[in-house]
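Student: So that we are looking at the same thing, I have put the structure below in structure tokens.
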Amino acid sequence: QHYRLVHQWLEDMVLDTAGLSEQERKKALFFTRRAVDAMAPTNFLFTNPEALHETVETRGDNLIRGIRLALEDMERGQGRLSPRSSPTGAFEVGKNLATTPGKVVYRNEMMELIQYTPSTDKVRKTPLLIVPPWINKYYILDLTPDKSFIKWAVDQGHTVFIISWANPDDRHADKAFSDYMNDGPLAALEAIEQATGETQVNAAGYCIGGTLLACTLAFLAQTKSNKKAPDRIKSATFFTTLLDFSDVGELSVFIDEGLVTRLENHMQDNGILRGREMSATFSL
């Protein structure tokens, strides 16, 4: 109860402080809450009855395991705490990851295009193109058979194509957002026509892959108005996609002019953002 009272008092203090902009107040409240959360009684051995009981039961082995895991997280993060989201070795390709049989039918510097054959006798005429995010992996949509969107789609008679983005390295240092569009969904449309003879696709975009799909739709609409081009994308579906970036939720705490300037300087010097740097933001 004492902890909760202190927690509420500190929050009220931030909320009642005069002279703060909305962004400053949001940022102060976020970090105040994180700091107070860290001081919760459950986070300390001698004020956590369950942890004390476990320590007695295991004769302290739980503490040794905890220290070992923390050291492993530090080592994996190269000195920075990098909490794991799943046990090492928990996923195995073909067993509980990327379980639906498919084949690579096209490849360029930015991606590979994987095709999946329908499992039904009757096949739908229009292929399905999935555009996943490049800060994740395509197989988040193809885990175990009962958790696989790709398997569900082929079981409905869809000929499915999905983009598997290349891990960026120094070769991609000069690439821009337009390259992701040209060598991603636009290149995929051409490859799908070559593979199936179909000029139209139904498309689905996931996360920032959906943002890219929306930009591609706008580009194709502009191209059509200029050149009377055909409708290449028959329908578009968006999974957890942000199109209005005026309110990005708690992520806005990390985004300000100073950070954007640092990121721009970093990208100017290095060309790419390393996965561990992106991972640190998600961990926080």
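Student: Quick one: which residue in Arg107, Arg68, Arg80 is among the basic types (Lys, Arg), without any contact (Cβ under 8 Å) to a residue 24 or more places away in the chain, more than 19 Å from Glu190 (Cα to Cα) and open to solvent by 40 Å² or more (accessible area, probe 1.4 Å)?
Tutor: Answer to the check: Arg68.
Student: Same structure again: Is it the case that some residue within segment 134-141 is in a strand (DSSP E or B) and either closer than 20 Å to Arg232 by Cβ or of a type in the set (S, T, N, Q) (or both)?
Tutor: Checked against the condition, which is being in a strand (DSSP E or B) and either closer than 20 Å to Arg232 by Cβ or of a type in the set (S, T, N, Q) (or both), segment 134-141 yields no hits at all.
Student: What are the pairs, 6+ residues apart or on separate chains, where a residue within segment 261-272 that is within 14 Å of Ala173 (Cβ to Cβ) has its Cβ under 7 Å from a residue that is open to solvent by 70 Å² or more (accessible area, probe 1.4 Å)?
Tutor: Once the first residue is within 14 Å of Ala173 (Cβ to Cβ) and sits in segment 261-272, its partners that are open to solvent by 70 Å² or more (accessible area, probe 1.4 Å) give Gly271/Asp170; Gly271/Asp174.
Student: Another question, if that's okay. Every residue in segment 9-52 that is surrounded by 14 or more Cβ atoms within 10 Å (Cβ to Cβ) and farther than 23 Å from Ile255 by Cα, please.
Tutor: Answer for segment 9-52, where residues must be surrounded by 14 or more Cβ atoms within 10 Å (Cβ to Cβ) and farther than 23 Å from Ile255 by Cα: Leu10, Asn48, Ala51.
Student: Which of (1) open to solvent by less than 50 Å² (accessible area, probe 1.4 Å); (2) of a type in the set (A, V, I, L, M); (3) closer than 30 Å to Asp142 by Cβ; (4) free of Cβ contacts under 8 Å to residues at least 12 places away in the same chain does Ala218 not meet, given it meets every other one?
Tutor: With respect to (1) open to solvent by less than 50 Å² (accessible area, probe 1.4 Å); (2) of a type in the set (A, V, I, L, M); (3) closer than 30 Å to Asp142 by Cβ; (4) free of Cβ contacts under 8 Å to residues at least 12 places away in the same chain, Ala218 is out only on (1).
Student: Residues that are closer than 26 Å to Pro118 by Cα and under 18 Å from the mean Cα position of the chain (by Cα), at least 2 per element: which helices (runs of 4 or more DSSP H) completely within segment 144-246 meet that?
Tutor: Passing ranges, in order: 149-155, 208-227.
Student: When you scan segment 127-136, do you find a residue that is open to solvent by 60 Å² or more (accessible area, probe 1.4 Å) and under 16 Å from the mean Cα position of the chain (by Cα), even just one?
Tutor: Yes, segment 127-136 contains at least one residue that is open to solvent by 60 Å² or more (accessible area, probe 1.4 Å) and under 16 Å from the mean Cα position of the chain (by Cα).
Student: For segment 243-273, enumerate the residues that are charged (D, E, K, R) and modelled with pLDDT of 80 or more.
Tutor: Selection gives Asp244, Asp247, Glu257, Arg262, Glu264, Asp269.
Student: How many residues are in a helix (DSSP H, G or I) and within 20 Å of His7 (Cα to Cα) if we restrict to segment 47-66?
Tutor: Of the residues in segment 47-66, 1 are in a helix (DSSP H, G or I) and within 20 Å of His7 (Cα to Cα).
Student: What pairs can you find where one residue is in segment 147-164 and over 21 Å from Glu198 (Cβ atoms), the other is among the basic types (Lys, Arg) and in a loop (DSSP other than H, G, I, E, B), and their Cβ atoms are less than 7 Å apart, with a gap of 6+ or different chains?
Tutor: Taking only residues 6 or more apart or on different chains, not a single pair turns up.
Student: For Leu29, state whether it is at pLDDT 95 or above and either on the phi > 0 side of the Ramachandran plot or not hydroxyl-bearing (Ser, Thr, Tyr) (or both).
Tutor: Criteria not met by Leu29.
Student: Would segment 94-102 turn up any residue that is modelled with pLDDT of 95 or more, in a strand (DSSP E or B), closer than 30 Å to Leu143 by Cα and touching a strand residue (DSSP E or B) at 6+ places or on another chain (Cβ under 8 Å)?
Tutor: No, segment 94-102 contains no residue that is modelled with pLDDT of 95 or more, in a strand (DSSP E or B), closer than 30 Å to Leu143 by Cα and touching a strand residue (DSSP E or B) at 6+ places or on another chain (Cβ under 8 Å).
Student: Name the pairs: first residue in segment 11-39 and within 20 Å of Ser246 (Cα to Cα) and in a helix (DSSP H, G or I), second residue aliphatic (A, V, I, L, M) and open to solvent by less than 60 Å² (accessible area, probe 1.4 Å), Cβ to Cβ under 9 Å, at least 6 apart or on different chains?
Tutor: Every condition considered, the pairs that remain are Gln23/Val253; Arg25/Val14; Lys26/Val253; Lys27/Val253; Ala28/Val14; Leu29/Val14; Leu29/Val253; Phe30/Val253.
The values are calculated or read from the model by the stated rules, or taken from the named source; none is laboratory data. Source: prediction; values computed, not measured. For neighbour counting, all protein chains shown are included, and Cβ atoms are generated from backbone atoms with ideal geometry for every residue, glycine included. Note: areas computed on protein heavy atoms with side chains; ligands, DNA, RNA excluded. Shrake-Rupley method; radii C 1.70, N 1.55, O 1.52, S 1.80 Å.
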